[in-house]
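This report refers to the structure that appears directly beneath it.
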């Protein structure tokens, strides 16, 4: 996320210093010194702009790929959603490359194709697959369950149209980070219900709980990249009632049944309010007999996967996620 605060580092930040890697510690110090306004003090349009301006500061150099194409995907209500395709090769032979639908993070309120461009390029490059990044509609202009509907509509459309994109519909995955991870987990349940076979759900620190009441929400409530005030600001724009919060399309932990959903790879950050609910959802899937691979990256915070220039764990997470995709797609190592 963009830099957080114009005041000195909060005392609560120092409570976490022994858990943080030196590189993560340095990033947080630089964020504090930069003195940028906190997201929850901004209007959604201004917050989107701030996030976009700051999104590339700690990213890896942009990978050059053989194909990068913008197009649109239709939705059930007639909207055409912007999307961007990334492919590491110009493969034209059948059946085409495997395909990952990627759903960006940002609390359902901020984030875009642009803010996650480098990450999607890395996943396409390292995994050897097509990645399609979706600009689903954001709150508060588009409240729950619009983002979820958009993600599911896009996944179904890609399954039907994969061949026209040079992709293989029989090797399809869905993934995302933070709120995008929530949407990916929801899509995996919907795919199961619709009989759409997915090879993998790729979940970077997904939001999974209805009420943000796990211990890690208290432990990491203040001073880090994602804090309690920001989470409240995001979700107050998207869900407005207890019933919406407890709908499994917002909180996958509330899903009554996850038997038979796609295998899952989780990449969680240790120093993150969302880490406990990610672990809980992984446990829920395992209890239902779903194959789960869970990685917890020690000493880093939420958003770390977009800090590859500064945080070695980001580069490791990219490699681990790509390895999981290649295994799920049956690609050579």
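Assorted remarks:
- C-alpha long axis of helix 179-194 to longest principal axis of the chain, angle in °: 30
- Among 306, 284, a tally of other beta-carbon atoms within 10 Å of each Cβ gives an order, fewest to most, of 284, 306.
- Only helices enter this figure: runs of n ≥ 4 DSSP H residues, each worth -39500 (n - 2.57), summed and divided by the residues of the chain, yield -11500 deg cm²/dmol at 222 nm to the nearest 500.
- 0 to 90° range, to nearest 10: angle between helix 44-55 axis and the chain longest Cα axis: 80
- Counted over region 55-329, the DSSP beta bridges are approximately 30% antiparallel.
- From most to least packed by mean Cβ count within 10 Å, the peptides 180-190, 133-143 give 180-190, 133-143.
- For region 55-329: rounded, prolate or oblate by the Cα gyration tensor [a/c cutoff 1.5]: rounded
- The smallest convex shape that holds all Cα atoms of region 226-316, its convex hull, gives 110 Å³ per residue.
- Relative to the longest principal axis of the Cα atoms of the chain, the long axis of helix 117-127 lies at roughly 50 degrees.
- Antiparallel DSSP beta bridges within region 45-184, percent to nearest 5: 50
- Using the Cβ-Cβ distance between residue 64 and residue 40 with R0 set to 41 Å, the FRET efficiency works out to roughly 0.65.
- One way to sum up the overall shape of region 177-333 is the equivalent ellipsoid from its Cα gyration tensor, whose semi-axes run 24, 22, 12 Å, largest first.
- Kirkwood Rh, angstrom, region 105-202 [1 / mean 1/r, Cα pairs]: 13.8
- The length gained on full extension between residue 257 and residue 161, counted as 0.36 nm times the residue separation minus their Cα-Cα distance, comes to 31.7 nm.
- For the chain, relative contact order (Cα pairs under 8 Å, six or more residues apart, normalised by length) works out to 19 percent.
None of the figures in this text is laboratory data; all of them are computed from the coordinates on show. The shown structure was predicted, so the numbers you read here are calculated from the model rather than taken from an experiment. Neighbour counts are summed over all protein chains in view; Cβ atoms, including those assigned to glycine, are modelled from backbone coordinates with ideal geometry.
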